[in-house]
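Worksheet: the structure to be examined is printed underneath.
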Amino acid sequence: MKSDVEELMPRLLPVEFGAASEDLDPNGPPRNPREYLRQVQLEASLCPEVVVAHIDPKKLKKKQTINASVAGCHAAPEGFSPSLSWQQHQVGNFSDVRQPKLTDEEGWKRFCLGETVYLGSCNTDGEPEAALDYRKVGFPPFLTIVSRLNQSTVLMVMEVLIGWFEEHEFAPQLGRWLYALLACLEKPLLPEAHSSIRQLARRCAQLRSTLDSQGDEKLPALNLLICLVARYFEQNDLVDQPE
């Protein structure tokens, strides 16, 4: 008669063992499939059919301490808090620019570069809060942003920024975004990506040739972009030869 276990879990590989199984070494490696199955059966026979976990009920009743911080921010000193209208204006700007449409080239330029660079406008009277206005200074390429871009969007945004760069001077916002987009670019390169990054390196080299001094703050960024395109993405004919 089959056991309860066999009724619920019938043997998938019923194997009969003869007298040869008496020579089986349970501690040694199996020499054939039959010995392997026999070892499995012997190990299974040593396992109890029912296992009971011994739990101390006192531990279940013991109260657990959970630390949760409910403290708010320090109140701003008098005169240091921005006005309500300013806060509402910033929230509205943030909501408008944080999600440019994938095909909105102008929106991406505003988003990445900010109005100060994109439109060539000036900072608002040098006010400290202007630095917090991403609509003016552009959004940095936060990981939470660039990690959500698929390859087609990465390439599209890169082409938009490189196209803008062809007609304008270099800006720190542009350099940060181009570096981040290059970091997201997958290899092997698509033909469109191959063309775009070569265009970028040529533009950087052309602008570099117009610099008056080796101390120009744009030089390290231009050299970095040329280096990445030429060496990391293996555009060997664009490599700068060391002096």
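Each reported figure results from applying straightforward, stated rules to the coordinates on display, with no laboratory input. Everything numeric in this text was worked out from a predicted model, so none of it was measured.
Of note:
- Per-residue Karplus couplings for the range 212-221, computed as 6.51 cos²θ - 1.76 cosθ + 1.60 with θ equal to phi - 60°, are listed in order as 8, 9, 5, x, 4, 5, 7, 4, x, 5 Hz, Gly and Pro entered as x.
- Coupling constants for the range 196-206 follow from the phi torsions by the Karplus curve (6.51 cos²θ - 1.76 cosθ + 1.60, θ = phi - 60°), and in residue order they are 5, 5, 5, 4, 4, 4, 5, 5, 4, 5, 5 Hz; glycine and proline get x.
- Across all directions, the average flat footprint of the convex hull enclosing the Cα atoms of the range 156-235 is 4.9 nm².
- Sequentially through the range 82-91, phi angles give Karplus couplings (6.51, -1.76, 1.60; θ = phi - 60°) of x, 6, 4, 5, 5, 4, 5, 5, 5, 5 Hz, Gly and Pro residues having no value and appearing as x.
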